[in-house]
């Protein structure tokens, strides 16, 4: 399963109203560290398919959501659960760090 594209127009439906926790990668095409995180985000999308929804939001094309959640530096990754931000990771981090932030919010059964 690949990450889905999140936009200003589908954010509420795909993220805030999601039954499952959602990992959103706020990124931009020109961002070097975002390119480093992208393959990790894709791996997490595959490994936790069915338990976690994973999406990518291009901050240049979707300024409303980025502004609403105060995204000032990218990559910023946020975990949403029940329509609220429950984790926030700023910068390129190793996969282990990201997984450690995501795991507590997904049901493992």
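The values are calculated or read from the model by the stated rules, or taken from the named source; none is laboratory data. No experiment lies behind these values; they were computed from the predicted model shown. Positions of Cβ are generated from backbone atoms using ideal geometry, with glycine treated the same way; all protein chains shown enter the neighbour counts.
Of note:
- Members of segment 73-93 that are out of contact with any strand residue (DSSP E or B) (no Cβ under 7 Å at 6 or more places or on another chain), in a loop (DSSP other than H, G, I, E, B) and either in contact (Cβ under 8 Å) with a residue 40 or more places away in the chain or within 18 Å of residue 49 (Cβ to Cβ) (or both): 83, 91, 92, 93
- Screening residue 101 with (1) out of contact with any helix residue (DSSP H, G or I) (no Cβ under 9 Å at 6 or more places or on another chain); (2) surrounded by fewer than 16 Cβ atoms within 10 Å (Cβ to Cβ) gives one miss only, at (2).
- Screening residue 42 against (1) modelled with pLDDT of 95 or more; (2) out of contact with any strand residue (DSSP E or B) (no Cβ under 9 Å at 6 or more places or on another chain); (3) more than 18 Å from residue 10 (Cβ to Cβ); (4) surrounded by fewer than 17 Cβ atoms within 10 Å (Cβ to Cβ) leaves a single unmet condition, (2).
- Any hit, segment 52-62, residues being free of Cβ contacts under 8 Å to residues at least 24 places away in the same chain, out of contact with any helix residue (DSSP H, G or I) (no Cβ under 7 Å at 6 or more places or on another chain) and either surrounded by fewer than 16 Cβ atoms within 10 Å (Cβ to Cβ) or part of a loop (DSSP other than H, G, I, E, B) (or both): no
- Qualifying residue in segment 22-38 (condition: in contact with a strand residue (DSSP E or B) (Cβ under 6 Å, 6 or more places away or on another chain), at pLDDT 95 or above, part of a helix (DSSP H, G or I) and farther than 22 Å from residue 105 by Cα): yes
- Search result, residues across segment 72-81 that are surrounded by fewer than 20 Cβ atoms within 10 Å (Cβ to Cβ) and farther than 10 Å from residue 22 by Cβ: 72, 73
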